[in-house]
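Novice: Sharing a structure below in structure tokens format, with a few things to ask.
The values are calculated or read from the model by the stated rules, or taken from the named source; none is laboratory data. Not measured: the values here are computed from a predicted model. Using ideal geometry, Cβ is built from the backbone for each residue, glycine included, and neighbour counts are taken over all protein chains shown. For accessibility, only protein heavy atoms count, side chains too; no ligands or nucleic acids. Shrake-Rupley method; radii C 1.70, N 1.55, O 1.52, S 1.80 Å.
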Amino acid sequence: MRKKVTTDLIEKYLDKYGWEKHHSIDEPGEREGVVVTGWVSTRAPDGFMLFIDPIVEKDYIYFKVNDIARAPTDATPSDRLRDLLVAISAINYKLILGCFAYDPSDGELVFKFAIPVASDDLRYEDFERCLRALTISVEGHTDDFRAIIDGTKTAQDVMS
């Protein structure tokens with residue numbers, strides 16, 4: 001069944017998935033807003049923030065988890081930063097859906113991906129698959145990234 005991709009639809013799908021805490025916010029210059037939600041984890045007691053943005057005019061939905069970890073270039077030893085970037089590259093090479101990204105301007109590590117979708121076609125099953133892939137990737141690698149940043153693991157430890 002075809003359903004117009006809106007923030008309302010995304011929020012309905014989040015409810016069905018069991019994530020009842022979410023809200024839409026407007027985005028300047030966009031037809032649709034963005035849905036803000038997240039989850040609490042043993043890996044992140046303060047939780048992970050997830051942004052889901054239906055970009056209707058470009059026919060895709062963008063998922064992004066911010067602030068998985070931080071490794072500012074001016075405060076992170078160069079060997080740890082090198083190991084973090086090598087580990088990110090090795091993990092991204094194996095991922096099918098999504099990727100981790102590092103922003104050198106502030107040291108933020110994020111997980112993101114976009115899926116193409118006709119503006120009137122998003123099945124719940126596809127949305128659910130995206131959420132599962134996203135949470136598994138973030139949950140599965142956050143501890144390793146943070147351990148590299150704090151110096152208790154190396155890229156080699158993470159890749160072996």
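Novice: Where nothing but the Cβ of Lys and Arg (+1) and of Asp and Glu (-1) is charged, how large is the charge dipole of the chain around its Cα centre, in debye to the nearest 20?
Specialist: Charge dipole, the chain, about its Cα centre: 460 debye, nearest 20.
Novice: Still on this structure: Given 0.36 nm per residue, what is the gain on full extension from SER105 to ASN92 after removing their alpha carbon distance, in nm?
Specialist: Taking 0.36 nm per residue and subtracting the Cα distance, the gain is 2.6 nm.
Novice: With a 1.4 Å probe and every protein chain left in place, work out the accessible area per residue of the range 3-59 in Å², rounded to a whole number.
Specialist: Per residue, the range 3-59 has an accessible area of 58 Å².
Novice: Under 12 Å from the Cβ of ILE148, count the other residues' Cβ atoms, weight Lys and Arg +1, Asp and Glu -1, and hand me the total.
Specialist: With Lys, Arg at +1 and Asp, Glu at -1, the neighbours total -2.
Novice: Sticking with this one: Output the relative contact order of the range 3-160, whole-number percent, from Cα pairs under 8 angstrom with separation of 6+ residues. Write down the numbers at each step before the final one.
Specialist: Working: 257 pairs, mean separation 36.3, N = 158.
Computed over the range 3-160, the figure is 23 percent.
Novice: Who wins for biggest fluctuation among ILE149, ILE68, ILE25 in a Gaussian network model of the chain, springs between alpha carbons below 10 Å?
Specialist: ILE25
Novice: Just the projected area, averaged over all directions, of the convex hull on the alpha carbon atoms of the chain: how many nm²?
Specialist: On the way: hull surface 40.0 nm².
Convex hull of Cα atoms, orientation-averaged projection: 10.0 nm².
Novice: Something else now. For the Cα atoms of the chain, what angle does the longest principal axis make with the long axis of helix 124-150, in degrees from 0 to 90, nearest 10?
Specialist: The angle comes out near 20 degrees.
Novice: On to the next question. Tell me what the chain gives for mean residue ellipticity at 222 nm when only DSSP H runs of n ≥ 4 count, each as -39,500 (n - 2.57), the sum divided by the residue total, rounded to 500 deg cm²/dmol.
Specialist: -12500 deg cm²/dmol
Novice: Where Rh denotes the Kirkwood radius from the mean inverse Cα pair distance, what is Rg over Rh for the range 85-131?
Specialist: We get a ratio of 1.09 for the range 85-131.
Novice: Say R0 is 30 Å: what FRET efficiency, to the nearest 0.05, do ASP46 and ARG82 get from their beta-carbon distance?
Specialist: 0.60
Novice: Please provide three numbers in whole Å: the alpha-carbon extents of the range 65-160 along the principal axes, with the largest listed first.
Specialist: Computed over the Cα atoms, the extents are 48, 29, 17 Å.
Novice: Leaving ligands, DNA and RNA out of it, report the carbon-plus-sulfur percent of the accessible area of the range 32-118 at a 1.4 Å probe.
Specialist: 55 percent
Novice: Let me ask another. Which ³J(HN,Hα) values, rounded to whole Hz and listed in residue order, are derived for the range 12-26 from phi using the Karplus coefficients 6.51, -1.76 and 1.60 in 6.51 cos²θ - 1.76 cosθ + 1.60 with θ = phi - 60°, glycine and proline given as x?
Specialist: 4, 5, 5, 4, 4, 6, x, 9, 8, 9, 6, 7, 9, 10, 6
Novice: Of the listed pairs LYS12/LYS64; LYS16/LYS58; LYS112/LYS153; LYS16/LYS94, which have alpha-carbon separations greater than 21 Å here? Mind showing how you got there, number by number?
Specialist: Working: LYS12/LYS64 19 Å; LYS16/LYS58 26 Å; LYS112/LYS153 24 Å; LYS16/LYS94 30 Å.
Long pairs (Cα-Cα over 21 Å): LYS16/LYS58; LYS112/LYS153; LYS16/LYS94.
Novice: Which whole-Hz couplings ³J(HN,Hα) result when phi for each residue of the range 71-79 is put into the Karplus expression 6.51 cos²θ - 1.76 cosθ + 1.60, θ = phi - 60°, listed in order with x for Gly and Pro?
Specialist: So the Karplus estimates, Gly and Pro as x, are 9, x, 4, 7, 10, 10, x, 4, 5 Hz.
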